[in-house]
Amino acid sequence: MNLHPRPSKIVCVGRNYVAHAAEMGNEVPAEPLLFLKPPSALITAGEPILLPPDVGRVDYEGEIGVVIGRRASQISEFDAWEFVEGIAPVNDVTARDLQRKDNQWSRAKGFDTFCPVGDMVPILDVDIDSLGVVSRVNGEERQRGTIDQLVFSIPFLISHVSKIMTLEPGDLLATGTPEGVGPLSSGDVVEIEIPGLGTLTNPVVARSEA
Ligand code: MG
């Protein structure tokens, strides 16, 4: 783990791939749909994702994570990459039934262990144009997305968020998940890979067994 252990915030983007919005029965939003995950949800590679009792379906969501390296406030899309320290795989674990039930997603997205993040690769070592994300459950591929499929680009998102809230070094931006989300069960192993950069692997355990 080479990330800030407790960033000031984790900013997430919903419905940022057309095919994923469609699979959930949603339209693509006209502006980025933002929500926050609490830093207390963070875990690193190898730590278990704990399924809370009595919450119904819990899904993986593989995402390209952007780690902020410099304080960013009111920045332009053109300058945005200068504020990025690196890229890391993120799993935006989601209690899907609670997300449907609640009008906002703090509970569904905010349980302890619901934000696994892998090692960050410094941005200078990243081929930005070929970024993508692949998710596997028990070795079987479930999601595959590429950066050109994003509804709102990474520089646009950084600029947009920075006009709402100041981004601090270590803050994490999760850029949305491609189609193919699905449920996790106790005993599963879920992998989120950023091809060419690295893979985040976490076991899944029912909380009562942990
Ligand atoms: Mg997500």
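Select from SER185, LEU200, GLY139 the residue farthest towards the positive end of the dipole of segment 122-203; place +1 on Cβ of Lys and Arg, -1 on Cβ of Asp and Glu, and compute about the Cα centre.
Of the candidates, SER185 comes out farthest on the positive side.
Could you tell me which of SER106, LEU33, GLY170 has its Cα farthest along the dipole of the chain towards the positive end, charges placed at Cβ (Lys, Arg +1; Asp, Glu -1), taken about the Cα centre?
Most positive-ward Cα: SER106.
Rounded to the nearest 20 debye, what is the charge dipole size of the chain about its Cα centre when +1 sits on each Lys and Arg Cβ and -1 on each Asp and Glu Cβ? Numbers along the way, then the final one.
Values: 17 positive and 30 negative charges, 143 e Å.
It works out to roughly 680 debye.
Gain in length, SER8 to ASN26, computed as 0.36 nm per residue apart minus the alpha-carbon separation, to one decimal in nm?
So the extension gain works out to 3.5 nm.
Mind checking the full-extension length gain between ILE147 and ILE128? Use 0.36 nm per residue of separation minus the Cα-Cα distance, one decimal, nm.
Gain on stretching ILE147 to ILE128: 6.0 nm.
Just in segment 142-173: which trypsin sites (Lys or Arg not before Pro) are loop by DSSP and have at most 14 other Cβ atoms within 10 Å?
Working: sites: ARG142, ARG144, LYS163; in loops: LYS163.
The qualifying sites are LYS163.
None of the figures in this text is laboratory data; all of them are computed from the coordinates on show. Bear in mind that the values here come from a model prediction, so they are computed numbers and not experimental data. Don't worry about glycine lacking a Cβ; one is built from the backbone with ideal geometry, like all the others, and counts go over all protein chains shown.
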